[in-house]
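Beneath this line is the structure, given in structure tokens, with notes to follow.
No lab work stands behind these numbers, since they all come straight from the coordinates. What you see is a predicted model; the values in this text were computed from it and never measured. A quick note on method: Cβ atoms are made from the backbone with ideal geometry, for glycine too, and the neighbour counts reach across all protein chains shown.
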Amino acid sequence: MWSWVAHRITGFAIFFFLLVHVLDTSLVRVAPETYNAVIGTYKNPIMGIGEAGLVAAIVFHAFNGLRIVLIDFWAKGVKYQKRMFWIVLALFVVTMAGFLPRHLMHVFGGN
Amino acid sequence: MTTIADPKAPRAPRPGPGRRVTRGNLELASWVFMRVSGVVLVILIFGHLFVNLVAGGGVKAIDFAFVAGKWADLRWRVWDLLMLWLAMVHGTNGLRTIINDYAEKSATRLWLKVLLAASAILVVVLGTLVIFTFDPCPVGAAAGTLPSFCPAP
């Protein structure tokens, strides 16, 4: 139930970011300096934290989506669905533990 | 279509005027597509996030020259094009499901889906055109914004 709610909320959020992200990337076709000015806003600390949240949403949606595929197509998927949910959460923690320090270093680091 | 008596489904189909609860094979195709595209998208998007945010200089290193450097390689264009199409269809179909679940009025559902389809088509067409017509060395660009492989102006 909660995995289903979280899957919806993260999917909804990712979709709206995707719309904005295609629009901002399309500025490469306007002029290099226009693109650089807009993508520059992605580099401030508040956006950096937003990006961490976006990546968290994507990582959860990805691992839980694979869990849904296993529930639907693997014969023992339904039996192990709850155990797989804990695996999803564990993989989420491990992936974010790998990503966050590196990303926060990029965002808050000196250069 | 045959109906199963008292199926104890997680959500009973909402009865009501003009509310179709099944669309036959199209819904099955949509269900299969979400799973197949989802698995492919995990690979495409994790690769995208790793190359753009983790390897190299991270988000601070992304600028026009970075994008031009990637798209100089045809494989990244194919990667990004596939990612654009699959993610947009996957996301649009997901939003369609959410609209069907929460918008109770037929007219509201219709208008939300028209808006959704229009935005999705606009974004997919725009993104596709950008990938196909991208010029890594546009004439008249500001100094220092172009990748190093562009000829000196």
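Computed 3J(HN,Hα) for the range A:3-11, one whole-Hz value per residue from the Karplus formula 6.51 cos²θ - 1.76 cosθ + 1.60 where θ = phi - 60°, is 5, 5, 4, 5, 5, 5, 5, 5, x, glycine and proline marked x. The order of A:Met96, A:Met1, going from fewest to most other C-beta atoms within 10 Å of their C-beta, is A:Met1, A:Met96. Ranked by how many other Cβ atoms sit within 10 Å of their own Cβ, fewest first, the residues A:Ile58, A:Ile71, A:Ile39 fall in the order A:Ile71, A:Ile39, A:Ile58. Remark: B:Leu26, B:Leu81 ranked as B:Leu26, B:Leu81, counting other beta-carbon atoms within 10 Å and listing the fewest first. Across the range A:13-23, rounded Karplus estimates of 3J(HN,Hα) from the backbone phi angles (6.51 cos²θ - 1.76 cosθ + 1.60, θ = phi - 60°) give 5, 4, 4, 6, 4, 4, 4, 5, 5, 5, 5 Hz, Gly and Pro being marked x.
On the basis of the beta-carbon distance and an R0 of 22 Å, B:Glu27 and A:Arg8 show a calculated FRET efficiency of 0.80. If I take R0 = 22 Å and measure r between the Cβ atoms of B:Thr128 and A:Met47 in this structure, what FRET efficiency does the formula 1/(1 + (r/R0)^6) give, to the nearest 0.05? So, using R0 = 22 Å, E works out to roughly 0.25.
Only DSSP H runs of four or more residues enter the estimate; each adds -39500 (n - 2.57), and after division by the residues of chain A the mean residue ellipticity at 222 nm equals -28500 deg cm²/dmol. Take each residue of peptide A:29-41, count the partner chain Cβ atoms within 10 Å of its Cβ, and average: the result is 5. From zero outward in steps of 5 Å, how is the percent of C-alpha pairs of the range B:71-126 spread across the bins? With 5 Å bins starting at 0, P(r) equals 4, 19, 22, 19, 13, 9, 6, 4, 3, 1.
Compute the distance from the alpha-carbon center of the range A:1-65 to that of the range B:52-110, in whole Å. For the range A:1-65 versus the range B:52-110, the Cα centre distance is 9 Å. Here the translational diffusion coefficient of the range B:29-133 follows from Stokes-Einstein with Rh set to the Kirkwood radius across Cα pairs; for 4 °C and 1.567 mPa s it amounts to 83 µm²/s. Which of the chymotrypsin sites (Phe, Trp or Tyr not before Pro) found in the range A:1-77 are in a DSSP loop and have at most 16 neighbouring Cβ atoms, other than their own, within 10 Å? Qualifying residues, ordered by number: A:Trp74. Legend: P(r) of the range A:55-111 from all alpha carbon pair distances, 5 Å bins from 0, whole percents, reading 4, 20, 22, 17, 13, 9, 6, 5, 3, 1, 0. I'd like the FRET efficiency for B:Phe50 and B:Lys113, computed as 1/(1 + (r/R0)^6) with the beta carbon distance as r and R0 of 35 Å, rounded to 0.05. After rounding to 0.05, the efficiency reads 0.50. Modelled this way, with points 7 Å down the Cα-to-C-beta line, the labels at A:Val38 and B:Arg77 are 2.1 nm from one another. Take the Cα coordinates of the protein assembly as shown, assign each an equal point scatterer, and use the Debye formula without solvent to give log10 I(q)/I(0) at q = 0.08, 0.09, 0.10 Å⁻¹. Taken in order of the listed q values, log10 I(q)/I(0) reads -0.40, -0.50, -0.61.
Over the range A:2-108, the fraction of Cα-Cα pairs per 10 Å bin, rounded to whole percents and listed from the shortest bin up, is 13, 34, 30, 16, 6, 1.
Rg/Rh, computed from the Cα trace of the range A:18-77 with Rh as the Kirkwood radius, has the value 1.24. Karplus-based coupling profile of the range B:104-118, in residue order and whole Hz: 6, 7, 4, 5, 4, 4, 4, 5, 4, 6, 5, 4, 4, 5, 4, with θ = phi - 60° in 6.51 cos²θ - 1.76 cosθ + 1.60 and x standing for Gly or Pro.
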